[in-house]
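What follows is a short report on a single structure.
Laboratory data are not the source of any read-out in this text; all were calculated from the coordinates shown. Quick caveat: nothing in here was measured; it's all calculated off a predicted structure. Don't worry about glycine lacking a Cβ; one is built from the backbone with ideal geometry, like all the others, and counts go over all protein chains shown.
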Amino acid sequence: MTLTAETQSFLQVRRSRPRASAGSISSGAVKSRVYIVMASFLMGFLVIGGRLTMLAQMEEQPSQALISAQDTVAASRPDLLDRNGEILATDIKTSSLYAEPRRIVDVDEAVDGLTRVLPDLDRDIVQRRLDSRAGFVWLKRELTPDQVTKVHNLGLPGIGFLSENQRFYPGGPTAGHIIGSVNIDNQGLTGIERHIDQQWLSDLQKLGFASDRPMEPVKLAMDLRVQHVVRDELVKAMDLYQAIAAVGIVLDVKTGEVVAMSSLPDYDPNDRSQALEQKRMNRATGGVFEMGSVFKTFTTAMALDSGAVRITDSFDASRPVRAHGRTISDFHGKNRILSVPEIFIYSSNVGTIKMMLTSGIEKEQEFFTRLGLTTRLKTELPENAAPLLPPKWNELAAMTISFGHGISVTPMQTAVAAAALVNGGTLLPPTFFPRTQEQAKALGTRVVSEDVSRKMRYLFRLNVTERGGSGKRAEVPGYVVGGKTGTAEKIEHGRYVSNKRRNSFLSAFPMDDPRYVVLTVIDEPKPERPGLPATAGMNAATMVGNIIRRAAPMLGVMPQFQDSEKPIEVSY
């Protein structure tokens, strides 16, 4: 095809002209707009990305409440050991369930799932806590591994676990009142657990030095084997005599160490709720009682210490004593003149009163104060009751106090005072921690002479060996046991009740060189069988004999069969 000249000329003109129109845009302008759009998108993405990053960081950052809870549950405690290294208390790991309500997607789903796998949870409480939108709430502490698995399998967002230390007591109730217990946050509530918190552990925890790190074990003076024996004998006695409570103490007379101490009913520190029950109180150091005739031990020692009474003296016990409108007689009176040893063996109220009056009322009060019987006894346990004293220490009060009525003290005070009378005359503060004899000597206070102590050992032994002695059932062949019974009527509505008694037996062994004081107390015992009396000589003394028979070999006290009847030297 051949183009005309006009056509060719027209095409050349079109090629030489640039394209243009009313809405045409230069290439530079186009590029600028593209860059602006790209920058806008980039800034948008950066804002969104920054926001997402910030939200992600907020999601990962734990709340302050959670951080505080982590610090609390991470607090560890030292192991508690007996004197032979047996573990009494230790920490074990457990898991506790918590929630962060703000992160929970579906509260109803969470409540349904949790209450299904943990039926002991209160649905209303869980609902209320998850609806709170708080940063952190506890749901259940100390879960079992099976419970942890079931909750984990629910796959609920905002629900988590914290690993924490839980206190475990391998011996259960065996030494509950000595060891004590802790609360759910592993803080000491009672016993030695409370003591170590007060002394140093709580300060370490506040400073953050007790979080999930091994700590040096704390050793006690208690012998777990002997502790088991004492508790076992108390359990048997309560069953045999149908009693409502019992106490047993073994005290080292040369060091003041508490080798064993049990009070029934007791509690298992693994079940901390039991520690709050009134009937399970620590009667050994936290309860005060009229100890009855065991106090004649202290009155006799007072009389001998005063110098006004000699062991060879005699007193007329043929008639009751009248004072301030009261008549005081003997339970099984001999109705004759009695020597000092006979007054002790036959537990004569009348004879004891006359010895006290010969020595003087002021002397009695001063001597009992010297023995620590009128002030609160200090031990490492927080449970230490103050004695109950008469409002006025007049003649009538002095008379009744001389045989253990009108004054109430703790069983531990009684044991500590008795230790001073048989160990040579030195009063030692008791301790639940190991102590050497050298350390004890530095802490001791002389309260009676060696001579008075020797005479008291003689009277203790005489009460077990002589016919008519109330402590015969405490005798253990080879161990030279001595002691004094106490049968105290209980008070109800301000009056003594003759058919309700608290019996005790205060003893020591071996009496030629005493090593340990053993005290038993049994509350409201019934006769072992019909026709038998329910006096201390029948039950409390028997309990002491059983404890010594089983525990003495554990304590390293060897029997002396050949010399068991060797007389104790006494100067007249």
**Report entry** Å³ per residue enclosed by the Cα convex hull of the range 444-572
**Finding:** 153
Query raised in the report: If one computes the Cα centroid of the range 473-510 and of the range 109-130, what distance in Å separates the two points?
Result: 55
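More than 15 angstrom separation, counting every C-alpha pair in the range 433-478; what % is that?
Distances greater than 15 Å cover 63 percent of the Cα pairs.
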Report summary line: If Tyr496, Tyr98 are placed from fewest to most neighbouring beta carbons inside 10 Å, the sequence is Tyr496, Tyr98
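Neighbouring Cβ atoms within 10 Å as the yardstick, rank Ser347, Ser95 fewest first.
Ser95, Ser347
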**Report entry** Positive-end residue, the range 304-440 charge dipole about Cα centroid, Cβ charges, pick of Asn394, Thr379, Ile328
**Finding:** Ile328
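Can you pull the semi-axes for the range 226-551, root of five times each eigenvalue of the Cα gyration tensor, sorted largest first, whole Å?
Those come to 28, 23, 20 Å.
Just order 454-464, 356-366 by mean Cβ neighbour count inside 10 Å, highest at the front, would you?
Per-residue Cβ counts within 10 Å, averaged per peptide and sorted highest first, yield 454-464, 356-366.
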Report task. For a footprinting-style exposure proxy, rank Thr90, Thr327 by other Cβ within 10 Å, fewest first. Result -> Thr327, Thr90
Query raised in the report: In terms of modelled amide H atoms, which long-range or inter-chain residues lie less than 5 Å from the amide H of Leu139?
Result: Leu97, Tyr98, Ala99
**Report entry** Fraction in percent of alpha-carbon pairs per bin - 5 Å, the range 68-219
**Finding:** 2, 9, 17, 18, 15, 12, 11, 9, 5, 2, 0, 0
